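Student: Below you will find the structure I want to go over with you.
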Amino acid sequence: MGAWSPLLGARAAALDWAMQAAADDDKPEAPTGPKKRPGAQVAVVMERVLQPNRWEDAAFRVLEVIPDEGGYGETPRMLFDDGRHSRWIYPGFRIELFPDECKGYFLNLTSGRPVWFVMWRLEEDNPLLASPQQVSVSYIECDRWMAAEEHVDNVPLPDPLCEWLRLFTNEHFRPEQKRKQRANSFLSPQERDNQSRDG
């Protein structure tokens, strides 16, 4: 378990990292430069269990999404292996927030348990390995992945990042207005008849 211990410090520093990310995103941009999109750099930790049952050679799951401040390098590496269980870290994922995805952020935040969504795939040349492909906090983006029959796991979103996501969503999200139904007095007889049949 020695190779796993450095991540404990990373988890302990997640609060400071998240608050700093939010603070950096709130800083005013120079008028001559392009506006920086709000985002955060993260790494994904995955676990593999060999022969979890008689029908599978291996099972995979996402263990956590952690801050990536550059200390994990640029390529995936194994953190732990006891011959049956192994854990791997995949650095270098950047999550960015987009105003047109705010409905997906809203659905995630109001789910009662906001999460990271991680889409992962088996390696084509080695089915005993799997690697994450994308990380998101949008419920709708997760739904698109699942509709495409991708593997998707979720892990809890830390409270500071929930607040960061909430502030962005409150600023940019415009809920769809329900279309008002015309009063019967303004409908033609044919329209009223059609409406009664549809109802």
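Only the coordinates and a few stated rules stand behind these numbers; no lab work does. In this text, all values refer to a predicted model and were calculated from it rather than measured experimentally. With ideal geometry, Cβ positions are generated from the backbone for all residues, glycine too; neighbour counts draw on all protein chains shown.
Student: Which residue, chosen from Trp116, Phe80, Gly70, occupies the Cα position most advanced towards the positive end of the dipole of the range 70-184, where the dipole is computed from +1 (Lys, Arg) and -1 (Asp, Glu) charges on Cβ about the Cα centre?
Tutor: Checked the options; the winner is Trp116.
Student: Output wanted: per-residue J couplings in Hz (rounded whole) for the range 127-132, from phi through Karplus 6.51 cos²θ - 1.76 cosθ + 1.60, θ = phi - 60°, x for Gly and Pro.
Tutor: Computed from phi, the couplings for the range 127-132 are x, 8, 10, 9, 9, x Hz.
Student: Which listed residue (Ser138, Asn126, Pro160) has the Cα farthest towards the positive end of the charge dipole for the range 113-170, taking +1 on Lys and Arg C-beta and -1 on Asp and Glu C-beta about the Cα centre?
Tutor: In the range 113-170, that residue is Pro160.
Student: May I ask you to compute the full-extension gain from Gln51 to Ile140, defined as 0.36 nm times their residue separation minus their alpha-carbon distance, rounded to one decimal in nm?
Tutor: On the way: separation 89, 0.36 × 89 = 32.04 nm, distance 3.32 nm.
Full extension from Gln51 to Ile140 adds 28.7 nm.
Student: Here's another thing I want to ask about it. What residues have an amide H closer than 5 Å to that of Arg61, excluding those fewer than 5 places away on the same chain, when H is modeled at 1.01 Å from N in the peptide plane?
Tutor: Placed amide hydrogens put Glu47 under 5 Å from Arg61.
Student: Counting only residues 5 or more places away or on other chains, whose amide H sits under 5 Å from the amide H of Ala130 once H atoms are built in the peptide plane?
Tutor: So Ala130 has HN proximity to Glu123.
Student: Let me ask you something else. Check which residues have an amide H placed less than 5 Å from Phe80's amide H, if you skip close sequence neighbours.
Tutor: Arg87
Student: Still on this structure, I have one more. Given the peptides 54-64, 158-168, arrange them by the average over their residues of other C-beta atoms within 10 Å, most packed first. Mind showing how you got there, number by number?
Tutor: On the way: 54-64: 14.3, 158-168: 18.3.
Ranking the peptides 54-64, 158-168 by packing returns 158-168, 54-64.
Student: If packing is taken as the average number of other Cβ atoms within 10 Å across a peptide's residues, how do 90-96, 68-74 rank, most packed first?
Tutor: Numbers: 90-96: 16.7, 68-74: 13.4.
Result, highest mean first: 90-96, 68-74.
Student: By how many nm would the segment from Glu171 to Leu107 lengthen if fully extended, with 0.36 nm per residue of separation less the alpha-carbon distance?
Tutor: Working: separation 64, 0.36 × 64 = 23.04 nm, distance 1.53 nm.
Full extension from Glu171 to Leu107 adds 21.5 nm.
Student: Sticking with the crude label model, points 7 Å out along Cα→Cβ, report the distance from Ala148 to Leu128 in nm, one decimal please.
Tutor: So the label points at Ala148 and Leu128 sit 2.9 nm apart.
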